[in-house]
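Only the coordinates and a few stated rules stand behind these numbers; no lab work does. All values reported here derive from a predicted model rather than from experimental measurement. All Cβ positions, glycine included, derive from the backbone under ideal geometry; neighbour counts span all protein chains shown.
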Amino acid sequence: MKTGFRAGKGHVVALSGGVGGAKLAAGLAGVLPPDRLTIVVNTGDDFEHLGLTICPDIDSVTYALAGMNDTTRGWGLADESWQALGMLKRLGEADWFQLGDRDLAMHLSRSWRLRTGATLSQVTARLTASLGIAHAVVPMSDSPMRTQLQTADGWIDFQQYFVAQQCRPKVLAIRFEGEADMAPGFADALARDDLEAVIICPSNPFLSVDPIMAVNGVRAALAALEVPKLAVSPLIGGKAIKGPLGKLLAELGAGIGNAAVAAHYGRVISHLLIDHADQDDEVLLSAHGLGVTVTDTMMHQAADQQRLARVVLAAGGVAIGSP
């Protein structure tokens, strides 16, 4: 295990995607100071829509850290309005992907900055700083790599499956289109001498975490790290709170439950946090040499996010110290 730093002073890398990931990322940012946390976000969901570059997971993390997210819908901005979307529909443009008025401003700013030659890392840093976020939020890569799913009708992009078709098609396989290297902030965070732990947030392993793992060098780097590598299971009572994870586990033949989640991650993790509703899984998981913590993984509000963040850090032996 890496040494040379004082307890409570080491760095933590969190891998995040989706709503559950954004919640824990916000919790970690609430208990760790900016110089101790890097949040790496899935960009496999990104796509071009109406000439704009949309980065749903980056925006979910950004809005959650800024305290602007809609906790009722679970995505987008609170107190959003939809005038632009209504006009787009009237003009005969695609309206299957909902763009709120203030959310649209984020996409316009990002797209324009990217077209001037800035990298996605640079644009993300600018946008987060503009919203008062001091913690580092970095994309997994500055190069596009897109999640695609194979159905009976062929390969489709993630947003077509997830939003346009509401996850209805049976998934036969998943691939990640494109060649991508780690974003500088990601690579630098993993290479830090004071790296103390890596945390995989409660995100969909197939759709939110696997794209990060598919970036060149990531899986090997994580497997080689001699620091605690913890994942929070996205399952509660053996089921996903929302999203298609349960459906995917069945369709891809990966098995059902936390054992399937742990097997999917393999050597990438050394510890899995599961919910009290799944406590019967502890014996089996432990028998396979995995560290296990049973806790309340449901996050309804900011206090829950920070509570879970503290439990995760404690499970990894990470002292919080003074934020």
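Got the relative contact order for the chain handy, in percent, Cα pairs under 8 Å and 6 or more residues apart?
Once normalised by length, the contact order is 23 percent.
Of all trypsin sites (Lys or Arg not before Pro) in the stretch 47-126, which ones are in loop regions per DSSP and have a Cβ with at most 13 other Cβ atoms within 10 Å?
Passing both the DSSP loop test and the Cβ count: 73.
With springs only between Cα atoms under 10 Å, which of 257, 237, 76 fluctuates most in a Gaussian network model of the chain?
Between 257, 237, 76, it is 237 that shows the largest mean-square fluctuation.
Among residues other than residue 244 whose Cβ falls under 12 Å from its Cβ, what is the net charge (Lys/Arg +1, Asp/Glu -1)?
So the environment of residue 244 carries a net charge of +4.
Can you grab the distance from the C-alpha centre of the stretch 195-256 to the C-alpha centre of the stretch 81-106, Å, no decimals?
About 32 Å separates the Cα centre of the stretch 195-256 from the one of the stretch 81-106.
By a straight-distance test (C-alpha under 26 Å), which lysines pair with residue 242 as possible cross-link partners, with residues fewer than eight away in the same chain excluded?
Filter leaves 23, 170, 229.
If you take the C-alpha gyration tensor of the chain, multiply each eigenvalue by 5 and take the square root, what semi-axes do you get, largest first, in whole Å?
The answer is 30, 24, 19 Å, longest axis first.
Tell me what the chain gives for mean residue ellipticity at 222 nm when only DSSP H runs of n ≥ 4 count, each as -39,500 (n - 2.57), the sum divided by the residue total, rounded to 500 deg cm²/dmol.
After summing the helix terms and dividing by residue count, I get -10000 deg cm²/dmol.
So for the chain, taking the charge dipole from beta-carbon charges (+1 Lys/Arg, -1 Asp/Glu), which of 254, 293, 152 sits furthest toward the positive end?
Value computed over the given set: 293.
Which is farthest toward the positive dipole end of the stretch 11-315 among 130, 182, 165, measuring Cα position about the Cα centre, with Cβ charges +1 (Lys, Arg) and -1 (Asp, Glu)?
With unit charges placed on the Cβ atoms, the residue in question is 165.
In a Gaussian network model over the chain where Cα atoms closer than 10 Å are linked, find which of 183, 224, 214 has the largest mean-square fluctuation.
Largest GNM mean-square fluctuation: 224.
How much of the DSSP beta bridge set in the chain is antiparallel, as a percent to the nearest 5?
35
Can you list the GluC sites (Glu not before Pro) in the stretch 178-259 that are in a DSSP coil and have 10 or fewer other beta carbons within 10 angstrom?
226
With springs only between Cα atoms under 10 Å, which of 280, 153, 296 fluctuates most in a Gaussian network model of the chain?
153
Charges only on Cβ, +1 for Lys and Arg, -1 for Asp and Glu: so what's the dipole of the chain about the Cα centre, in debye to the nearest 20?
So the dipole magnitude of the chain works out to roughly 260 debye.
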